[in-house]
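The values are calculated or read from the model by the stated rules, or taken from the named source; none is laboratory data. All figures in this text were calculated on a predicted structure; none of them were measured in a lab. Methodologically, a virtual Cβ is constructed for each residue, glycine included, from the backbone with ideal geometry; neighbour enumeration extends over all protein chains shown.
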Amino acid sequence: EAGVAQSPRYKIIEKRQSVAFWCNPISGHATLYWYQQILGQGPKLLIQFQNNGVVDDSQLPKDRFSAERLKGVDSTLKIQPAKLEDSAVYLCASSKLAGGPLGDTQYFGPGTRLTVL
Amino acid sequence: GQQVMQIPQYQHVQEGEDFTTYCNSSTTLSNIQWYKQRPGGHPVFLIQLVKSGEVKKQKRLTFQFGEAKKNSSLHITATQTTDVGTYFCAGPFNDYKLSFGAGTTVTVRA
């Protein structure tokens, strides 16, 4: 079974530029997550999709970040314009089910390391 | 902010020794999950604990969920160099959203 795919793996941009990340979850997984992991910290959930609907985006800085999951499969996360503090690893994860109170195993992709200069 | 706290933040261990890392939640959790992230890698699911007082073992790793379901621990015996990495606990809040702790980063002295 193929894992979660992400691209690009690395991206360096200057502040105020735009950037987009792509994620392809494990086939058949209903739920897709985007996390931001700043160096030395645990992953922080930015947005959670179930199929192509947003379940939670309470921690997504909506003035600059946007995400979509068309057709309930692939997803893109965009930052426009980028700030220095956006430098982090952006992790995509997927799970079979919606999570719920008992949770559901999340499978993470390799991440995209973003450096904003 | 994060609602799951982990201690210690760093653990330097002599190869062959045992150590324990702890996870504490501000509220009662329905379950707790543990993930391991190798240097330069991504988090990988290790285990999920659901029942109060539950203990699960994976070879040299022992995971425990507290009786009050507000804390958890990971104990590693006879630490090996393959144990290097950051161990995260994560608990669901608002029914579904996983909140990760800051992790315990483990280094091993050969």
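Is it fair to say A:T105 is assigned to a strand (DSSP E or B) and either at positive phi or out of contact with any Asp or Glu (no Cβ under 7 Å at 6 or more places or on another chain) (or both)?
For A:T105, the condition - assigned to a strand (DSSP E or B) and either at positive phi or out of contact with any Asp or Glu (no Cβ under 7 Å at 6 or more places or on another chain) (or both) - is not met.
Within the group B:T79, B:T105, B:T62, B:T21, which residue is surrounded by 13 or more Cβ atoms within 10 Å (Cβ to Cβ), within 11 Å of another protein chain (Cβ to nearest Cβ) and among the β-branched types (V, I, T)?
Of B:T79, B:T105, B:T62, B:T21, the one residue that is surrounded by 13 or more Cβ atoms within 10 Å (Cβ to Cβ), within 11 Å of another protein chain (Cβ to nearest Cβ) and among the β-branched types (V, I, T) is B:T105.
Taking region A:47-72 on its own, how many of its residues are within 11 Å of chain B (Cβ to nearest Cβ) and touching an Asp or Glu at 6+ places or on another chain (Cβ under 8 Å)?
Looking only at that region, the number is 2.
Just to check your reading of the model, which residue among B:T86, B:T104, B:T21, B:T62 is touching a Gly at 6+ places or on another chain (Cβ under 7 Å) and β-branched (V, I, T)?
Of the residues listed, the single one that is touching a Gly at 6+ places or on another chain (Cβ under 7 Å) and β-branched (V, I, T) is B:T86.
Select, from B:I76, B:I32, the only residue that is touching a Cys at 6+ places or on another chain (Cβ under 7 Å) and of a type in the set (A, V, I, L, M, F, W, C).
Going through B:I76, B:I32 in turn, the sole match is B:I32.
Given the condition surrounded by 14 or more Cβ atoms within 10 Å (Cβ to Cβ), out of contact with any Ser or Thr (no Cβ under 8 Å at 6 or more places or on another chain), at pLDDT 95 or above and of a type in the set (A, V, I, L, M, F, W, C), answer yes or no: does some residue in region A:8-24 qualify?
So far as region A:8-24 goes, yes, one or more of its residues are surrounded by 14 or more Cβ atoms within 10 Å (Cβ to Cβ), out of contact with any Ser or Thr (no Cβ under 8 Å at 6 or more places or on another chain), at pLDDT 95 or above and of a type in the set (A, V, I, L, M, F, W, C).
Being touching a residue at least 40 places away in the same chain (Cβ under 8 Å), within 11 Å of chain A (Cβ to nearest Cβ), more than 9 Å from the chain's Cα centre (by Cα) and surrounded by 13 or more Cβ atoms within 10 Å (Cβ to Cβ) narrows it down to one residue among B:N71, B:N31; which is it?
Matching residue, one of B:N71, B:N31: B:N31.
Report whether or not B:Q48 is within 16 Å of the chain's Cα centre (by Cα) and within 14 Å of chain A (Cβ to nearest Cβ).
It is true that B:Q48 is within 16 Å of the chain's Cα centre (by Cα) and within 14 Å of chain A (Cβ to nearest Cβ).
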